[in-house]
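Here is the structure we will look at.
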Amino acid sequence: MAEKFDYLIVGAGFAGSVLAERLASQCGKTCLVVERRNHIGGNAYDAYDAAGILLHTYGPHYFRTNSDRIVEYLSQFTDWQPVEYKILSWTHGRFWQFPINLNTFEQLIGRPSSTEEMEDTLAKWRVPIANPQNSEEVILSQVGHKLYEQFFKNYTLKQWRRHPRDLDASVCGRIPIRTNRDDRYLSEKFQALPAKGYTRMFERMLSHPNIKVMLQTDYREVAHFVEVGHIIYTGPIDQYFDCCYSPLPYRSLRFEPETVEKEYFQPAMQVNYPNDEAFTRIVEIKHCTGQKAPVTTIVREYPDDYGPGKEPYYPIPAPDARALYQKYADRAAAEKNVTFVGRLATYRYYNMDQVVGAALAEFEKLRS
């Protein structure tokens, strides 16, 4: 006899885990969470390496939000390690303050300055573009050609393998430009990491007795031996429909970890390499986790083309990709008893808190 579940949830990342936890704990629903990888947590999964250093396996996940509701929800499953995320940029043979702020401007001109002088100078450098339509225009309209070339252009080309002018303004527009000395990478009021790691948080979210988790399993395989009332799908939307309109474009990543026999390798948790190197950044997450150890592990991050056997990390924020996604979205809207939620299922360049917020909103729809 087939095992029965109220919900089949495809994917054990933020979207799937939040919905499983809410449906099980608040509505008493039975949930089968199916995950093709050998772990829960999606790309936020973290684990200790051979040197005993806690690493973000799929690249750094800097949690931040302005939503008290999301913090309150996740705080049921974790304590927090407060962090002010700081990064630097290495180019022209030196470290630069980044994102661009008054300290960066002083490095550039080689002397002390002021907010007023920086604002006056940027006003002269800016390219007058009233309504920036792409990532190149949004940066040129804020800081002009010199800073665009130094920090943004080549980094974006490496990361996306597309020219900034071919990407939505939101890509580079996510990065703040400041004329004061605020050197934080992010500006949200709540910035922290789960105190014992993301994986521990996900374990607590999925520990409800109404939730069953199956790892290393394709959801199509379980259809033969379970009965479900509703499917929640958080994977790539094009794969759900067997890429019938052609595959959606993504960017992938390759990670190169290295353990170093010193307490810290670099002066910040992340150093960007916008120009000369093949990698885009070196991340030393130990700066953020609060872990004390005599050694450290750094991770060089290389952008990669997406293809068979590679993970789809970033939806491409560009008009052609958006048009193709819309075909899949229209078809998804006609699916009965299937909910599409999450970064891959909605082909959105979401932050973690946005995925949590979307999952909580979807839960309210499902329970009503």
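The values are calculated or read from the model by the stated rules, or taken from the named source; none is laboratory data. All of these numbers come straight from a predicted model, not from anything done at the bench. Positions of Cβ are generated from backbone atoms using ideal geometry, with glycine treated the same way; all protein chains shown enter the neighbour counts. Side chains included, ligands, DNA and RNA excluded: accessible areas come from the protein's heavy atoms. Shrake-Rupley method; radii C 1.70, N 1.55, O 1.52, S 1.80 Å.
Would a scan of segment 264-276 turn up a residue that is free of Cβ contacts under 8 Å to residues at least 12 places away in the same chain, in contact with a helix residue (DSSP H, G or I) (Cβ under 7 Å, 6 or more places away or on another chain) and at negative phi?
Looking through segment 264-276, none of the residues is free of Cβ contacts under 8 Å to residues at least 12 places away in the same chain, in contact with a helix residue (DSSP H, G or I) (Cβ under 7 Å, 6 or more places away or on another chain) and at negative phi.
Mind counting the residues in segment 196-230 that are under 13 Å from Glu21 (Cα atoms), open to solvent by 50 Å² or more (accessible area, probe 1.4 Å) and either more than 21 Å from the chain's Cα centre (by Cα) or not charged (D, E, K, R) (or both)?
Here is the first cut: in segment 196-230, the residues under 13 Å from Glu21 (Cα atoms) are 201-213.
Right, trim to open to solvent by 50 Å² or more (accessible area, probe 1.4 Å) and you get 203-204, 207-209, 212-213.
So of that shortlist, the ones also either more than 21 Å from the chain's Cα centre (by Cα) or not charged (D, E, K, R) (or both) come out as 204, 207-209, 212-213.
The total comes to 6.
Filter segment 324-341 down to residues that are in contact (Cβ under 8 Å) with a residue 60 or more places away in the chain and not in a helix (DSSP H, G or I) and give me whichever is farthest from the chain's Cα centre (by Cα).
Narrowing segment 324-341 to residues in contact (Cβ under 8 Å) with a residue 60 or more places away in the chain: 324-325, 327-329, 331-332, 337-341.
Pick out the ones that are also not in a helix (DSSP H, G or I) and you get 337-341.
On the way: Asn337: 28, Val338: 25, Thr339: 22, Phe340: 18, Val341: 15 Å.
Looking at residues that are in contact (Cβ under 8 Å) with a residue 60 or more places away in the chain and not in a helix (DSSP H, G or I), I get Asn337.
So, in segment 292-310, exactly how many residues are open to solvent by less than 40 Å² (accessible area, probe 1.4 Å), assigned to a loop (DSSP other than H, G, I, E, B) and either acidic (Asp, Glu) or at pLDDT 95 or above (or both)?
Residues in segment 292-310 being open to solvent by less than 40 Å² (accessible area, probe 1.4 Å), assigned to a loop (DSSP other than H, G, I, E, B) and either acidic (Asp, Glu) or at pLDDT 95 or above (or both): 2 in total.
Hey, among the residues in segment 231-250 that are open to solvent by less than 30 Å² (accessible area, probe 1.4 Å) and not aromatic (Phe, Trp, Tyr), which one's nearest to Leu19 (Cα to Cα)?
So the first thing to find is which residues in segment 231-250 are open to solvent by less than 30 Å² (accessible area, probe 1.4 Å), and the list is 232-238, 241, 248, 250.
Going one step further and asking which of them are not aromatic (Phe, Trp, Tyr), we end up with 232, 234-238, 248.
Numbers: Ile232: 8, Thr234: 10, Gly235: 14, Pro236: 17, Ile237: 18, Asp238: 22, Leu248: 25 Å.
Once the filter is applied, the top-ranked residue is Ile232.
Would you check which residues across segment 31-54 are closer than 8 Å to Leu215 by Cα and either open to solvent by 10 Å² or more (accessible area, probe 1.4 Å) or of a type in the set (Ser, Thr, Tyr) (or both) and list them?
Correct list: Glu35, Arg36, Arg37, Asn38, His39, Ile40.
Would a scan of segment 79-101 turn up a residue that is over 30 Å from Ala223 (Cα atoms), open to solvent by 10 Å² or more (accessible area, probe 1.4 Å) and part of a helix (DSSP H, G or I)?
no
Name every residue in segment 314-323 that is open to solvent by 20 Å² or more (accessible area, probe 1.4 Å) and either of a type in the set (D, E, K, R) or under 17 Å from the mean Cα position of the chain (by Cα) (or both), in order of residue number.
Filtering segment 314-323 for residues open to solvent by 20 Å² or more (accessible area, probe 1.4 Å) gives 314, 319-320, 322-323.
Hits for segment 314-323 are Tyr314, Asp320, Arg322.
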